[in-house]
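Got a structure for you, written out below as structure tokens; questions coming shortly.
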Amino acid sequence: MANRVITKDVSDNVIAGAVMANFYLDKTARILEAHASDHTKVVVNKGAYLIPINIGNYWFLIDTATDVDIDSDLDTGSSEAGKDYYVYAVTDGSTISFKISLATTYPSGYDATTSRKIGGFHTLCVAAGTIAGHTLTGYLVKDILPQSIWDLKHRARCGNNAGMVYSTAAGIWVDIYLPSGTGASTVSVYGGTISDARDWNDFVDDGGAVGKRLLTDPEFQLIAAGSNEQTNISTSGDPVTTGGHADTATQRMISNIGCEDCCGALWQWLQDTTAKYDDAIAAGWKALGGSKGQFYLPVDTNEIKLLAGASWAYAAHSGSRSRDANVVRSDTYSNVSARFGSEPL
């Protein structure tokens with residue numbers, strides 16, 4: 001019998017525990033995955049594993065693949081663009097089914113004893129259009145971004161997968177959007193006001209406040225692959241808000257994994273440090289701002305933090321491998337932002 005009850009007594013979990021150990025020891029096993037052809041669906045247990053799930057006082061064994069549709073299985077309303085959705089296993093006490101919801105706690109009509117969050121995903125904010133050789137070519141607005149799908153096994157260490165996608169090449173979860181907000185209010189959301197004109201140190205603090213960090217040079221190259229190259233945003237001006245933009249060639253500014261505005265929008269601080277020869281700068285201790293220490297510059301060098309991607313005014317320089325090695329960590333510019341990532345759990 002498919003997706004059957006193991007036991008109605010939560011304390012009698014010997015069978016559940018043994019099955020759970022087998023499933024969770026397989027590091028390649030996933031609870032949620034993308035549907036092979038329908039971008040409005042996710043598949044629960046695509047690999048047909050034996051997956052034990054505890055909901056309230058009940059243990060269930062998910063042993064078949066089940067399609068879950070953002071339209072027909074949404075708890076209330078209709079699907080929206082650029083939103084984070086959550087997938088829940090729900091029960092009436094004898095059967096198990098699945099619901100999708102915008103709610104972060106439990107879906108409409110259920111509560112903490114009749115539902116269990118098992119994962120989630122993000123929807124595409126604006127149609128990708130046709131982009132030759134691009135992973136997301138043909139994806140429509142509100143389609144599920146395949147690399148955003150997360151579950152109880154496959155998720156970010158920061159503890160919040162909202163607005164993130166996974167880069168298999170880089171081995172990290174990365175923000176879809178440039179950051180909005182600061183400190184503990186830092187988020188990756190569609191249509192948010194882009195945080196800029198902050199120095200490297202401030203962005204490090206912003207990321208750290210939400211369990212994330214700046215990307216490295218190699219990571220940015222990998223997560224930005226598929227983005228527009230050597231073009232800038234169509235307006236050739238400050239985008240102000242995140243996501244959904246096109247470049248001067250009318251191509252959507254989106255990477256293969258779904259990261260928005262990597263190139264030709266705003267420069268983005270990277271972790272990496274380099275040194276620039278500059279005989280006009282004297283050696284010595286340099287203030288970093290914020291009364292939190294200083295940085296020592298050796299003779300004829302200036303400590304530089306790399307910027308990536310290029311901004312709205314640099315079409316020819318823009319791209320996944322574009323770097324600026326001319327800015328010190330304490331500088332602030334209106335065309336410089338950041339992008340955050342998190343290791344997988």
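When the accessible area of the chain is computed with all protein chains present and a 1.4 Å probe, what percentage of it is carbon and sulfur?
The nonpolar share, carbon plus sulfur, comes to 51 percent.
Can you pull the three principal axis extents for the Cα set of region 113-160, in Å, largest first?
On the principal axes, region 113-160 reaches 45, 23, 13 Å in Cα extent.
Taking every pair of distinct Cα atoms and averaging 1/r, then inverting, what Kirkwood hydrodynamic radius in Å comes out for region 197-268?
That comes to 13.1 Å for region 197-268.
If I take the Cα coordinates of the chain and project them onto the principal axes, what are the three extents in Å, biggest first?
76, 43, 31
Under 16 Å from a label point 7 Å along Cα→Cβ of T137: give me every residue in region 305-345 with its amide N that close.
Backbone N within reach: none found.
Compute the Rg/Rh shape ratio of region 136-258: radius of gyration over Kirkwood radius, all on alpha-carbon atoms.
0.94
Same structure, new question: How high is the relative contact order of the chain, in percent, counting Cα pairs under 8 Å that sit 6 or more residues apart?
14
Just to confirm the number: angle between the C-alpha axis of helix 14-25 and the first principal axis of the chain, 0 to 90 degrees, nearest 10?
Result, in degrees: 30.
From zero up to wherever the largest Cα-Cα distance of region 69-201 sits, split into 10 Å bins and tell me the percent of pairs in each.
The calculated distribution, bin by bin, is 12, 36, 35, 15, 3, 0.
If you average the C-alpha positions of region 115-190 and of region 18-72 separately, how far apart do those two centres end up, in angstrom?
19
Can you give the angle from 0 to 90° between the axis of helix 200-209 and the longest principal axis of the chain, with both taken from C-alpha atoms, to the nearest 10?
10
Another question, then. Add -39500 (n - 2.57) for each DSSP H run of 4 or more in the chain, then divide by its residues: what number comes out at 222 nm, to the nearest 500 deg cm²/dmol?
-2500 deg cm²/dmol
Additional query: Probe radius 1.4 Å, ligands and nucleic acids left out: which of Y49, Y88 has the largest accessible area, and how do the rest follow?
Result of the area sort, largest leading: Y49, Y88.
Counting heavy atoms of the protein chains only and a 1.4 Å probe, report the per residue accessible area for the chain as a whole number of Å².
Result: 42 Å² per residue.
The values are calculated or read from the model by the stated rules, or taken from the named source; none is laboratory data. Given the structure is predicted, the values throughout are model-derived calculations rather than measurements. When we count neighbours, we look across all protein chains shown, and the Cβ atoms used for this are built from the backbone with ideal geometry, even at glycine. The accessibility values were calculated without ligands, DNA or RNA, using every heavy atom of the protein model including side chains. Shrake-Rupley method; radii C 1.70, N 1.55, O 1.52, S 1.80 Å.
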